[in-house]
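*Asks:* Let me give you the structure first, and then I'll get to my questions.
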Amino acid sequence: MIIDTTLFNDEFDMLDIHLSISENYVDHWIILEANRTFSGKLKPYNLKNNFKKYKEKYGDRIEIVNLELDETQTNLICETMMRQGLASALEKFDNEDIVIHGDLDEIIDPTKWNEITELMDKNNCPVSCGFEMYFYKFDQKAGRNWKGSVVARKRMFKTPHGLYKGSEEMGIKRKNRVNAIATTDPVGWHWTWMGNDEIIKNKVVSCIESQYRDPNQVLEAFKNKDTTIAVNHKSASEIIKPVYPNVVLDVLKRYSFYWHNPLQ
């Protein structure tokens, strides 16, 4: 059994993309949705309130975990509690089952899946997946790669938070993957800051690092293709002609809004 665990805020397009691509190797999805964003902002249970269409398509293969946080639980504490909150839903699975944990916009390349699991079993430890990173559009590539999802057998970790961040301590932010082996080459994609104007602006106030910035200014920077300004001066990017596997490209082509130069 292969279980994919992740978090959800309001990114329905990215959820659809994530499910459509990962169903090539995933048996079961567990998605945690809290009543607050990472920044502590109250929000409705968006996925729970719109779950009918997902239930109709995926049936029992997909389940939601809802988590209620109070106003004191914000930022790093909020993120930690969300990732730890997935642990109870994993209790019913076997110790040899494989668990993926990452963010919704982190997606493993289906053509690399066997390579990842072979690396995991050969070294008997979790695999830290390196990803190519794209900002705002599927053809706007960042100048650096991303330390993304982690893959492990259930017996290899205590909670998804520890698997992803590398520590069970509250408040740990930076990823510490000393107990995992990293892939040599990228095995997937981090498609970050993608969505319509409202999704982008809502992410600004929902995230830990950007919550005090002006949403309109961030959005304008993305529209000007300036990710250096938009993403806190962390990375420049360039418009390229990316090469995606056909199984992935068939999904991404459905979202013309997510391309600077839509594919025909």
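A short reminder: the numbers here are calculations on the coordinates, not readings from a lab. Everything numeric here is computed off the predicted structure, so don't read it as measured data. For neighbour counting, all protein chains shown are included, and Cβ atoms are generated from backbone atoms with ideal geometry for every residue, glycine included.
*Asks:* What value, in deg cm²/dmol to 500, does the helix sum -39500 (n - 2.57) over DSSP H runs of n ≥ 4 give at 222 nm once divided by the residues of the chain?
*Replies:* Details: 11 runs with 83 residues, N = 264.
Helices in the chain give a 222 nm mean residue ellipticity of -8000 deg cm²/dmol.
*Asks:* Would you please give the residues with an amide H less than 5 Å from that of Arg36, counting only those at least 5 places away or on a separate chain, with H modeled from the backbone geometry?
*Replies:* Correct list: Lys43, Leu69.
*Asks:* Still on this structure, please answer the following. Output needed: percent of Cα pairs per 10 Å distance bin for the stretch 1-134, bins running from 0 to the one holding the longest distance.
*Replies:* The distribution over the stretch 1-134 is 11, 41, 35, 12, 1, given as percents.
*Asks:* Which of rounded, prolate, oblate describes the stretch 108-204, given a ≥ b ≥ c as roots of the alpha-carbon gyration tensor eigenvalues and a/c under 1.5 marking rounded, otherwise prolate only if a/b is larger than b/c? All intermediate terms of the calculation are to be shown ahead of the outcome.
*Replies:* On the way: a/c = 2.43, a/b = 1.42, b/c = 1.72.
Note, shape of the stretch 108-204 comes out oblate.
*Asks:* Next question, about the same structure. Restrict the search to the stretch 151-238; then list the chymotrypsin sites (Phe, Trp or Tyr not before Pro) that DSSP places in a loop and that have at most 14 other Cβ atoms within 10 Å of their Cβ. It would help to have the intermediate numbers written out before the result.
*Replies:* Details: sites: Phe157, Tyr164, Trp189, Trp191, Trp193, Tyr212, Phe222; in loops: Phe157, Trp193, Tyr212.
Of the chymotrypsin sites (Phe, Trp or Tyr not before Pro), the ones in loops of the stretch 151-238 whose Cβ has at most 14 other Cβ atoms within 10 Å are Tyr212.
*Asks:* Still on this structure: Return the tail of the calculated pair distribution for the stretch 1-70, meaning the percent of Cα-Cα pairs more than 17 Å apart. Can you show the working numbers first?
*Replies:* Working: 957 of 2415 pairs.
Tail fraction, whole percent: 40.
*Asks:* Which residue fluctuates the most in the chain, going by a Gaussian network model with Cα springs under 10 Å, if the choices are Phe138, Phe93, Phe38?
*Replies:* So, out of Phe138, Phe93, Phe38, the one fluctuating most is Phe93.
*Asks:* Kirkwood hydrodynamic radius for the stretch 89-130: how many Å is it when counted over pairs of different Cα atoms?
*Replies:* Numbers: mean 1/r = 0.0852 Å⁻¹.
Kirkwood hydrodynamic radius for the stretch 89-130: 11.7 Å.
*Asks:* Now, a different point. Expressed as a whole number of Å, what is the distance separating the alpha-carbon centroids of the stretch 26-88 and the stretch 93-141?
*Replies:* So the two Cα centres are separated by 21 Å.
*Asks:* Please report the antiparallel percentage of DSSP beta bridges with both residues in the stretch 94-202, rounded to the nearest 5. Please report the intermediate quantities before stating the final value.
*Replies:* Values: 13 of 19 bridges.
Once the DSSP bridges in the stretch 94-202 are tallied, antiparallel ones form about 70 percent.
*Asks:* Pick out, from Ile21, Thr227, Pro126, the residue whose Cα sits farthest towards the positive end of the charge dipole of the chain, with +1 on the Cβ of Lys and Arg and -1 on the Cβ of Asp and Glu.
*Replies:* Thr227
*Asks:* Relative contact order (percent) for the stretch 1-123, with alpha-carbon contacts under 8 angstrom and 6 or more residues of separation?
*Replies:* On the way: 160 pairs, mean separation 45.8, N = 123.
In percent, rounded to a whole number, it is 37.
*Asks:* Treating the beta-carbon of each Lys and Arg as +1 and of each Asp and Glu as -1, no other charges, what is the dipole magnitude of the stretch 203-264 about its Cα centre, to the nearest 20 debye? If you can, show how the numbers build up before the last one.
*Replies:* On the way: 8 positive and 6 negative charges, 33 e Å.
Around 160 debye, computed over the stretch 203-264.
*Asks:* Here's another thing I want to ask about it. Give the range of the longest stretch in the chain that excludes all GluC sites (Glu not before Pro) found in loop regions by DSSP and having at most 12 other beta-carbon atoms within 10 Å.
*Replies:* Values: sites that count: Glu68, Glu71, Glu91, Glu96, Glu169.
Here the longest segment lacking exposed loop sites spans 170-264.
*Asks:* Count the DSSP beta bridges whose two residues both fall in the chain, then state the antiparallel fraction as a percent rounded to the nearest 5.
*Replies:* On the way: 17 of 38 bridges.
So the antiparallel bridges amount to about 45 percent of the total.
*Asks:* Could I ask something else about it? Using all alpha carbons of the stretch 107-158, what is the percent of pairwise distances in each 5 Å bin, ordered from the shortest bin to the longest?
*Replies:* Histogramming the stretch 107-158 at 5 Å steps yields 4, 18, 24, 21, 15, 8, 7, 2 percent.
*Asks:* Val65's amide H: which non-local residues (gap 5+, or another chain) put their own amide H closer than 5 Å, with H modeled 1.01 Å from N in plane and none for Pro or chain starts?
*Replies:* Ile31, Leu32, Glu33
*Asks:* Can I ask one more? Quote the FRET efficiency, to the nearest 0.05, computed for Glu198 versus Asn124 with a Förster distance R0 of 45 Å and r equal to the Cβ-Cβ distance. Please list the in-between numbers first.
*Replies:* On the way: r = 45 Å, r/R0 = 1.00.
Efficiency, from the Cβ-Cβ distance: 0.50.
*Asks:* Pop out the ³J(HN,Hα) list for the stretch 203-215 in order, Karplus 6.51 cos²θ - 1.76 cosθ + 1.60 with θ = phi - 60°, rounded to Hz; leave Gly and Pro as x.
*Replies:* 5, 4, 7, 8, 7, 5, 7, 10, 4, 9, 8, 7, x
*Asks:* Now a separate question. For Met194, list long-range residues whose amide hydrogen, built 1.01 Å from N in the peptide plane, is under 5 Å from its own amide hydrogen.
*Replies:* When sequence neighbours closer than 5 places are left aside, the close amide H contacts are Tyr136.
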